[in-house]
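Note sheet for the following structure.
The values are calculated or read from the model by the stated rules, or taken from the named source; none is laboratory data. Computed from a predicted structure; not experimentally measured. Here the Cβ is made from the backbone with ideal geometry for all residues, glycine too, and neighbour counts use every protein chain on show. Heavy atoms of the whole protein, side chains included, go into the accessibility calculation; ligands, DNA and RNA do not. Shrake-Rupley method; radii C 1.70, N 1.55, O 1.52, S 1.80 Å.
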Amino acid sequence: MSALTSTNLDGILPLVAKGKVRDIYSIDENSLLFVATDRISAYDVIMENGIKDKGKILTQLSVFWFKFLSDSIKNHLIASEDEEIFKLLPAELSEPKYKNQLSGRSLIVKKHKLVPLEVIVRGYITGSAWKEYKKSGTVHGLKVEEGLQESQKFPTPIFTPSTKAEQGEHDENISPEAAAKLVGEELCTKLAAKAIELYSKAADYAETKGIILADTKFEFGLDENDNLVLVDEVLTPDSSRFWSKATFALGKSQDSYDKQFLRDWLTSNGLNGKEGVSMTEDIATRSAEKYTEAFEALTGKKWVA
């Protein structure tokens, strides 16, 4: 089967949202079906073609991390294995034309009230944080140590939130103070503490696998008692910056287990930010290899589609 860039359930379940990667369907008033397609985006634009099995890898890696972090925080998973998922879905969706779209890339999750922030934790200075630091000596408006080099580790991980933008719009980096105004000081303090705790736990584990977790983005919901719940995807190459410890070199940009091939190709061809772009077969294949490599390194399992 080729890359799955869109799902079609023929109205058996209502489609409630179509994100950069996920198609989200409503099952009932309490639960949703998340389907991770093979779509890939860069510079906030979705490519015309996809990366074969990317959605399956993202789903299975998220499940790995949800379980890994389950002692630290509740998550939104109801069902994550195909067998249990299809038992909870309408019987028609077990027909081959639907099962082929859903198998290996679906989750049934509980609905929660979403916190309207991208909860980012940075352990190393890179990307947009490095650009801001060079310009003003700050990261998300926070004053940080002088004399840092590109890709240097911060003394302690820092909470650097951004707004959650609509599809096609850009997330905006904001200060923790601005985030507190948006969601309330008490909730913002809880988010920062929990996100840093989760990042630190994941980063310590990743390091044992020869991987540096430079930064990551979490998303949270609130349950009926206003307790934090970990939602969406978690610690995948789409939401995190993973580097190889073996090739790490201070003072320069690092190769990432993510969309780097795609971003570099778009930039070198003057296509960054342009709609209607299809990747070459070479870029799609090399990107697929990086996703597979990240999955295998982090989980210790061989990827089997």
**Complete:** GNM on the chain, Cα springs under 10 Å; top mean-square fluctuation among S200, S287, S253 goes to S253
**Message:** What number comes out for accessible area per residue over the stretch 1-97 if the probe is 1.4 Å? Units Å², please.
**Reply:** 44
**Prompt:** Of N100, F154, F66, whose Cα points farthest to the positive end of the dipole of the stretch 35-180 (charges on the beta-carbon: +1 Lys, Arg; -1 Asp, Glu; origin at the Cα centre)?
**Reply:** F66
**Prompt:** Once you charge only the Cβ atoms, +1 for Lys and Arg and -1 for Asp and Glu, what is the size of the charge dipole of the stretch 1-40 about its Cα centre, to the nearest 20 debye?
**Reply:** 260
**Message:** At 1.4 Å probe size, with the rest of the protein present, what percent of the exposed accessible area of the chain is carbon and sulfur atoms?
**Reply:** 49
**Request:** Would you kindly calculate the translational diffusion coefficient of the chain, applying Stokes-Einstein with the Kirkwood radius from alpha carbon pairs, for 20 °C and a viscosity of 1.002 mPa s, and quote it in µm² s⁻¹ without decimals?
**Result:** 107
**Prompt:** So what's the net charge close to S151: Lys and Arg +1, Asp and Glu -1, counting the other residues with Cβ under 14 Å from its Cβ?
**Reply:** +4
**Complete:** Per-residue accessible area, 1.4 Å probe, largest first, puts D171, D71, D223 in the order D71, D171, D223
**Fill in**
Nearest 10, in degrees from 0 to 90: the angle of helix 281-299 to the longest Cα principal axis of the chain is 80
**Request:** In whole Hz, with x marking every Gly and Pro, tabulate ³J(HN,Hα) for the stretch 25-35 from phi via Karplus 6.51 cos²θ - 1.76 cosθ + 1.60, θ = phi - 60°.
**Result:** 10, 8, 8, 7, 5, 10, 9, 10, 9, 9, 10
**Item:** the stretch 133-250 - Rg over Rh from alpha carbon coordinates, Kirkwood radius
**Value:** 0.97
**Fill in**
Two pseudo-spin positions, 7 Å from Cα along C-beta at N225 and at E172, lie apart in nanometres by 3.6
**Item:** Per residue value of the accessible surface for the stretch 202-305 (all protein chains in place, 1.4 Å probe), Å²
**Value:** 46
**Prompt:** Roughly how many Å² of D44 are accessible to a 1.4 Å probe, to the nearest 10?
**Reply:** 40
**Message:** For the chain, set up a GNM with springs between Cα atoms under 10 Å and report which of K153, K181, K113 has the largest fluctuation.
**Reply:** K181
**Asked** What aspartates and glutamates sit close enough to K143 to cross-link, taking a C-alpha to C-alpha distance under 17 Å and skipping anything fewer than 8 places away on the same chain?
**Response** E132, E177
**Prompt:** Of the residues S70, S240, S106, which exhibits the maximal mean-square fluctuation in a Gaussian network model of the chain defined by a 10 Å Cα contact cut-off?
**Reply:** S70
**Request:** Take K134, project a point 7 Å from its Cα along the Cβ direction, then tell me which residues of the stretch 224-255 have their backbone nitrogen under 19 Å from it.
**Result:** 249-255
**Dipole moment magnitude, nearest 20 debye, the chain about Cα centre, only Lys, Arg, Asp, Glu C-beta charged** = 600
**Request:** Note down the Stokes-Einstein diffusion coefficient of the stretch 68-198 in µm²/s, whole number, using a Kirkwood radius over alpha carbon pairs, 37 °C, and 0.692 mPa s.
**Result:** 185
**Request:** Quick one: angle between helix 185-208 and the longest Cα principal axis of the chain, in degrees between 0 and 90, rounded to 10, please.
**Result:** 90
**Asked** Taking Cα atoms of the stretch 182-305, Rg/Rh with Kirkwood Rh, to two decimals?
**Response** 1.03
**Asked** For the stretch 41-91, taking Cα atoms only, what is the radius of gyration to one decimal and the Dmax to the nearest whole Å?
**Response** 14.6, 39
